[in-house]
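Shown next, in structure tokens, is the structure this report addresses.
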Amino acid sequence: MQALVCGFIPVIFHLLMFFVPESPRYLISKGKESEAADALMWLRGAWIPEQIQAEFIEISISIKETTENSPSNWKSALEPGALKAISIGMTLFFFQVVCGIDAILFYTVDIFRTAGSTLNE
């Protein structure tokens, strides 16, 4: 019953997401400026396009700078800074798996029961 109740909330959120427009940044990057302006007006509660004009221009400039200055390919994952972050993350993950914490968490009730603890399961 608990799983059903907990699963109900994400279903509601998923259904409500159909009513939320795409982000203005995404729409501008795909070349859909008029839809981006509408979405930005909806998000900001603006009634006329002049109210969001400055932010719209700022987003457009930001996207242009981002696409011109940063390569978006797998080669960027092999740069020294990215390799350092990836190796730290993988090392932490490796030690988490190897230390056996999963077995302790999965069998906590059995461990306490076998140890003769009086704690409620």
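The values are calculated or read from the model by the stated rules, or taken from the named source; none is laboratory data. Since the model is a prediction, treat every value here as computed from it, not as a measurement. Using ideal geometry, Cβ is built from the backbone for each residue, glycine included, and neighbour counts are taken over all protein chains shown. Quick note on the areas: whole protein, heavy atoms, side chains included, nothing else; ligands and nucleic acids left out. Shrake-Rupley method; radii C 1.70, N 1.55, O 1.52, S 1.80 Å.
Residues that are farther than 27 Å from residue 19 by Cα, out of contact with any Ser or Thr (no Cβ under 7 Å at 6 or more places or on another chain) and open to solvent by less than 70 Å² (accessible area, probe 1.4 Å) are absent from segment 54-63.
Would you call residue 49 modelled with pLDDT under 90 and within 21 Å of the chain's Cα centre (by Cα)? Explain how you work it out, then say what you get.
Details: modelled with pLDDT under 90: yes; within 21 Å of the chain's Cα centre (by Cα): no.
For residue 49, the condition - modelled with pLDDT under 90 and within 21 Å of the chain's Cα centre (by Cα) - is not met.
Helices (runs of 4 or more DSSP H) fully within segment 1-120 that include at least 3 residues being among the aliphatic types (A, V, I, L, M): 2-16, 33-44, 53-69, 80-98, 101-106. For residue 76, the test of being polar (S, T, N, Q), on the phi < 0 side of the Ramachandran plot and modelled with pLDDT of 90 or more is failed.
For segment 78-87, residues that are within 20 Å of the chain's Cα centre (by Cα) and open to solvent by 80 Å² or more (accessible area, probe 1.4 Å) total 1.
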